[in-house]
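Heads up: the structure comes next, in structure tokens.
The values are calculated or read from the model by the stated rules, or taken from the named source; none is laboratory data. All of these numbers come straight from a predicted model, not from anything done at the bench. No Cβ is skipped: glycine too gets one built from the backbone with ideal geometry, and neighbour counts run over all protein chains shown. Accessible surface areas use protein heavy atoms only, side chains included; no ligands, DNA or RNA. Shrake-Rupley method; radii C 1.70, N 1.55, O 1.52, S 1.80 Å.
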Amino acid sequence: MPQTQEEPDASARPGDAVTVRVATLADDAALAALDGDSWSPLHAVTPRPAPPYGPYFDERHRPDDVLVAEAGGRLLGYVRVVPPTPLACNRHVLQINGLAVAAQARGRGVGRTLVRAVCAEVRRRGCRRITLRVLGHNAPARALYEAEGFVVEGVLPEEFFLDGEYVDDVLMGRALTD
């Protein structure tokens, strides 16, 4: 995956640009820590992880499926894409299967940079569509995705029971063709 540069990030040293690159095995511990530290009932359907965090990469989650954002040598966030199904007839679609931004980098465009970079990468891979699932009550994530061209394509009402409340699972997608 190509490396891209964006604006300087306020959490990095002055002049440090945010870069996006494909993850490597060496990112495993930092990604696992970011995943655990960024856990929130706003977006997670799994129980809160506790340190020590397990490995981030496994047979289903490979480094080449993950883009990481960094500035000044610090990992600021990641986005992971995977095939939504193992079917050959569905290979033209990839699905965002995780996006996290470190607390100190939130509100500074890192999430938007990652969404734009992953859309470009999925298009570069020859895919026609990108999809995702987001919890109905996650207004910040939904606003970001909508601003980046994703539309609601379906809703699974009350799909999850989280923190004593039923929460919708919102299916969103975006065409990558011109």
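Structure data summary
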| quantity | calculated |
| --- | --- |
| Dipole of segment 50-106, positive direction: furthest Cα of Gly77, Val66, Ala50, with charges on the beta-carbon | Gly77 |
| Sparse-neighbourhood loop sites, chymotrypsin sites (Phe, Trp or Tyr not before Pro) in segment 79-178 - DSSP loop, at most 12 other Cβ within 10 angstrom | none |
| Residues of the chain: accessible area per residue with a 1.4 Å probe, Å² | 54 |
| About the Cα centre, charge dipole magnitude for segment 62-178 (Lys/Arg +1, Asp/Glu -1 at Cβ), debye | 700 |
| Sparse-neighbourhood loop sites, trypsin sites (Lys or Arg not before Pro) in segment 51-116 - DSSP loop, at most 16 other Cβ within 10 angstrom | Arg60, Arg91, Arg106 |
| Carbon + sulfur, % of accessible area of the chain - ligands and nucleic acids excluded, 1.4 Å | 53 |
| Listed residues Ala120, Phe160, Ala23: farthest to the positive end of the dipole of the chain (Cβ charges) | Ala120 |
| Percent RCO, i.e. relative contact order, over segment 43-171, from Cα pairs under 8 Å lying at least 6 residues apart | 19 |
| Segment 53-96 versus segment 103-137: alpha-carbon centroid distance in Å | 11 |
| Whether segment 67-178 is rounded, prolate or oblate, judged on the alpha carbon gyration tensor where a/c under 1.5 counts as rounded | oblate |
| Assigned charges on the beta-carbon of Lys, Arg, Asp, Glu; segment 16-75 dipole about Cα centre (debye) | 140 |
